[in-house]
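Let me begin by presenting the structure, written as C-alpha cells, before commenting on it.
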Amino acid sequence: KAGVTQTPRYLIKTRGQQVTLSCSPISGHRSVSWYQQTPGQGLQFLFEYFSETQRNKGNFPGRFSGRQFSNSRSEMNVSTLELGDSALYLCASSLVAAANEKLFFGSGTQLSVL
Amino acid sequence: AQSVTQPDIHITVSEGASLELRCNYSYGATPYLFWYVQSPGQGLQLLLKYFSGDTLVQGIKGFEAEFKRSQSSFNLRKPSVHWSDAAEYFCAVGVNNNNDMRFGAGTRLTVKP
C-alpha cells in the first residue's frame, strides 16, 4: 500500500505570491490533516478535512486555506506569502478523524519564501 | 489549555546505552498520548500510543513508554540504543476528538559510536 504522498517536495516562492500544496492520502483513508513545522514554533495544526468537509482549523490567518476532493486527496493554499511562511508542511492521513487515531505522515513539502 | 512539554531539547547517548526521553502533558481528562519519530527530511512515524488500560505500552523498534497519571508524564524508553535511532522524537496528545494533535517541541537524539 502506498504511503501518504506530498507534492512538490521542495518549493521556492517570493513574498506576495501564492502557493498550492498537494497531498494524496493512503488509499481508504478519509481524513487528511495539515501541519506546519518550523524550528521556532515546532509542529502546529493547520486544519483537518474529512469527507470533503473541514472539521477543524488551527490558529492560522485566513491566507491559509485548504480543500479535500471526493477521492480524499487534499490541497492547501497559502496566499500572499510572507517570509514567516517558510516551513515544512506536513500532511497526515487516517482512516477516520478521532483523537485516538494513528496518523500517517507524508515526507512534507519544504517551502522557502524569499 | 492542552499542552505537551518535552524538557530536553537535545540528548546524546552512546550506542548500546539505555535511553529515556521525558514528556509531560497538561490535559483535563484522560489523554490520548503518542510518541512519534522523525528522521531528517522525513515525515513522522508513530512509535506507540496510549489510550487506556495497561500503563506500560510497547511500540515498534524496541521502544516502550509508561503513562504515569500522578506525574502527568509519558516517558519513552529503550534499553539499548542503536545508531539508527538517531532522530527527533515528538510526544503528542490527541484532543477534541479529531486530528488536532498537540505536539511537544521535540527532543533530538544523537547516538555516539
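Given points 7 Å out from each Cα along the Cα-Cβ axis, report the A:N71 to A:Q44 separation in nanometres with one decimal.
3.2
Using bins 10 angstrom wide from zero, how does P(r) for the range B:1-44 break down, in % of all Cα pairs?
19, 44, 31, 7
Can you give the Rg to Rh ratio of the protein assembly as shown, both from alpha-carbon atoms, with Rh computed by the Kirkwood formula?
Numbers: Rg = 17.5 Å, Rh = 18.0 Å.
That ratio equals 0.97.
Quick one: Karplus J couplings for the range A:12-20, per residue in order, coefficients 6.51, -1.76, 1.60, θ = phi - 60°, nearest Hz, x for Gly and Pro?
So the Karplus estimates, Gly and Pro as x, are 10, 10, 10, 4, x, 6, 10, 9, 10 Hz.
What number does chain A give for Rg over Rh if you use C-alpha atoms and the Kirkwood radius? Don't skip to the answer; put the middle values down first.
Numbers: Rg = 13.2 Å, Rh = 13.9 Å.
So for chain A, dividing Rg by the Kirkwood Rh gives 0.95.
Length gain on complete extension for the stretch B:S52 to B:E15, per 0.36 nm per residue less the alpha carbon to alpha carbon distance?
Numbers: separation 37, 0.36 × 37 = 13.32 nm, distance 3.24 nm.
Result: 10.1 nm gained on full extension.
Name the long-range amide H neighbours of B:V95: under 5 Å, sequence gap of 5 or more, or other chain; modelled H, no Pro or chain starts.
Hits under the 5 Å cutoff: B:D100, B:R102.
Please go through the range A:27-69 and write out the trypsin sites (Lys or Arg not before Pro) that DSSP classes as loop and that have at most 16 other C-beta atoms within 10 Å.
Details: sites: A:R30, A:R55, A:K57, A:R63, A:R67; in loops: A:R30, A:R63.
Sites meeting the loop and neighbour criteria: A:R30, A:R63.
Given R₀ = 41 Å, FRET efficiency for A:S51-B:K68 by Cβ-Cβ distance, to 0.05? Walk me through the numbers before you get to the answer.
Working: r = 37 Å, r/R0 = 0.91.
Given R0 = 41 Å and the Cβ-Cβ separation, E is 0.65.
What's the percent breakdown of Cα-Cα distances in chain B across 10 Å bins, shortest bin first?
15, 50, 29, 6, 0
Going 7 Å from the Cα of B:I60 in the Cα-to-Cβ direction, what parts of the range A:73-114 have a backbone nitrogen less than 13 Å from that spot?
Taking a point 7 Å out along Cα→Cβ of B:I60, the residues of the range A:73-114 whose backbone N falls under 13 Å are A:102-106.
Viscosity 0.692 mPa s, temperature 37 °C: give me the Stokes-Einstein translational D for the range A:56-114 in µm²/s, with Rh taken as the Kirkwood radius over C-alpha pairs. If you can, show how the numbers build up before the last one.
Numbers: Rh = 13.2 Å.
It diffuses with D of about 248 µm²/s by this estimate.
Where the centroid of each part is defined by its Cα atoms, how far is the range B:14-77 from the range A:19-76 in Å?
Centre-to-centre distance over Cα atoms comes out at 25 Å.
Return the sequence-ordered ³J(HN,Hα) values of the range B:68-75 in whole Hz as given by the Karplus equation 6.51 cos²θ - 1.76 cosθ + 1.60 applied to θ = phi - 60°, using x for Gly and Pro.
The phi angles translate into 10, 5, 5, 9, 6, 10, 8, 7 Hz.
Only four residue types carry charge here, +1 at the Cβ of Lys and Arg and -1 at the Cβ of Asp and Glu. Report the dipole size of the protein assembly as shown about the Cα centre in Debye, rounded to the nearest 20. Spell out each step's value before the answer.
Details: 21 positive and 15 negative charges, 51 e Å.
Once rounded to the nearest 20, the dipole reads 240 debye.
Throughout, read-outs are computed from the coordinates displayed, never taken from laboratory work. These numbers come from a predicted model, not from an experiment. Cβ atoms come from the backbone with ideal geometry, glycine included; neighbour counts cover every protein chain shown.
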